[in-house]
Amino acid sequence: MGLFKRMETVFKSKMNTVLNRMEDPRETLDYSYERQLEMLQNVKRGVAEVTSSKKRLELQRVKLIQNIDKLEKQAKDAIAVGREDLARLALERKAALAQQVEEIDREIVELEKQQEKLIASEKRLSTKVEIFRTRKESIKAQYSAAEAQVKVNESVTGISEEMADVGLALERAENKTEEMKARAEAIDELMEAGTLEDLTGGKDKIDRELAKISAQSNVESELARLKAEAGKGPEKTKTEEEGTEERKEV
Amino acid sequence: MIIRIMGEGQYRAPEALCDELNQIDNRIVDLVNEGKVEEFRSELARLISQIKERGEPIKAEEILESDIIVPPEDLSFEEAKNVFKGSGIFED
């Protein structure tokens, strides 16, 4: 069932059960109010979950950057000892990590949007719940007239719609954070194992090939740059070393 | 008319705006039928931005039932097939 139809069905059926089950409209009001408080708690939890999921991605980004720096250094070292094959391997891994960083950046932006939306929803709902509470007490106080039933229905219907909307937003956010968690775990594992093949799993074959070609040309240009740097490297290191020794003697 | 944009709250829209929105709505139904994903995306975004720009936001203090519920901007094309069919979300 589509998201949108589901929203309608969910809140209409829930509302009907609520309205039909209670013999006393005052009970309906209390029951609905309890559900609202529960929903508010859930939304708060949802916001916390999105926030921690975002934090985790940010931490992972830091780790990836550190690994990138490390690989860069390893490549330099490899060149210095004339092991071009190792340098190439390090740079290839570096390129794969850089791609991950880009994707993480995109996901962080997405989570931020979701976080903002949920926080706004929480504010809206919490204001409405407060209004509902006041209204509920006044309806209960004047209860006796037939119009109380009408008022109960109106109040409950209006807020049920808000609850269904918030509920679906929450569900979307939860799905997203679950996805993120799984992804973050996969990246962690890959970083630990040091293998970064097949990271582009979600893309189609052509995308993969294209990414490979661009990664390859990056590797080539970086190799050229490092080679140029390495050409001047050893002498400079030598003079630096001499300098230190001199200072030590003094 | 009271319009809810899912996940973003409710807006009060005057009759004239609703007529225009209905036209966009009908266009979206056609685009979904024709499988034009890109154009569907931009029209849905336009539908939502028109409501936000020209509708009057309903205060959080008001508890009202909506006449029309507009799906969120990140609605998938698959979901759209269930939403934008027949006369769409605005009745003709």
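What the table shows:
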| quantity | calculated |
| --- | --- |
| Residues of the range A:99-113 classified as acidic (Asp, Glu) and within 11 Å of another protein chain (Cβ to nearest Cβ), total | 1 |
| Members of the range B:58-92 found to be out of contact with any Lys or Arg (no Cβ under 8 Å at 6 or more places or on another chain) and not in a loop (DSSP other than H, G, I, E, B), listed by number | B:Phe77, B:Glu78, B:Glu79, B:Ala80, B:Lys81 |
| Matching residues in the range B:26-65 - criterion: being more than 30 Å from A:Tyr33 (Cβ to Cβ), within 13 Å of chain A (Cβ to nearest Cβ) and touching a Phe, Trp or Tyr at 6+ places or on another chain (Cβ under 6 Å) | B:Ile28, B:Val32 |
| Conditions (1) over 22 Å from B:Ser66 (Cα atoms); (2) touching a residue at least 12 places away in the same chain (Cβ under 8 Å); (3) buried (at least 16 other Cβ atoms within 10 Å of the Cβ): number failed by B:Arg41 | (2) |
| One residue from A:Ala120, A:Ala87, A:Ala96, A:Ala75 being of a type outside the set (Asp, Glu) and touching a strand residue (DSSP E or B) at 6+ places or on another chain (Cβ under 8 Å) | A:Ala120 |
| Test: residue in the range A:114-129 that is over 15 Å from A:Arg35 (Cα atoms), in contact with a Lys or Arg (Cβ under 8 Å, 6 or more places away or on another chain) and away from chain B (no Cβ under 11 Å) | yes |
| Check on A:Leu59, part of a helix (DSSP H, G or I), in contact with a helix residue (DSSP H, G or I) (Cβ under 8 Å, 6 or more places away or on another chain) and either within 14 Å of chain B (Cβ to nearest Cβ) or at pLDDT 70 or above (or both) | no |
| Count of the range B:1-24 residues which are assigned to a helix (DSSP H, G or I) and either within 13 Å of chain A (Cβ to nearest Cβ) or not acidic (Asp, Glu) (or both) | 7 |
| Subset of the range B:71-92 (residues that are buried (at least 20 other Cβ atoms within 10 Å of the Cβ) and at the interface with another protein chain (Cβ under 9 Å from one of its Cβ atoms)) | B:Pro71, B:Leu75, B:Ala80, B:Val83, B:Ile89 |
| Qualifying residue in the range A:174-195 (condition: modelled with pLDDT under 80, farther than 30 Å from B:Leu64 by Cβ and not in a helix (DSSP H, G or I)) | yes |
| Any chance A:Ala48 is within 20 Å of A:Ser217 (Cβ to Cβ) and either in a helix (DSSP H, G or I) or of a type in the set (Lys, Arg) (or both) | no |
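The values are calculated or read from the model by the stated rules, or taken from the named source; none is laboratory data. Bear in mind the structure is a predicted one, so any value in this text is a computation, not a measurement. Neighbour counts are summed over all protein chains in view; Cβ atoms, including those assigned to glycine, are modelled from backbone coordinates with ideal geometry.
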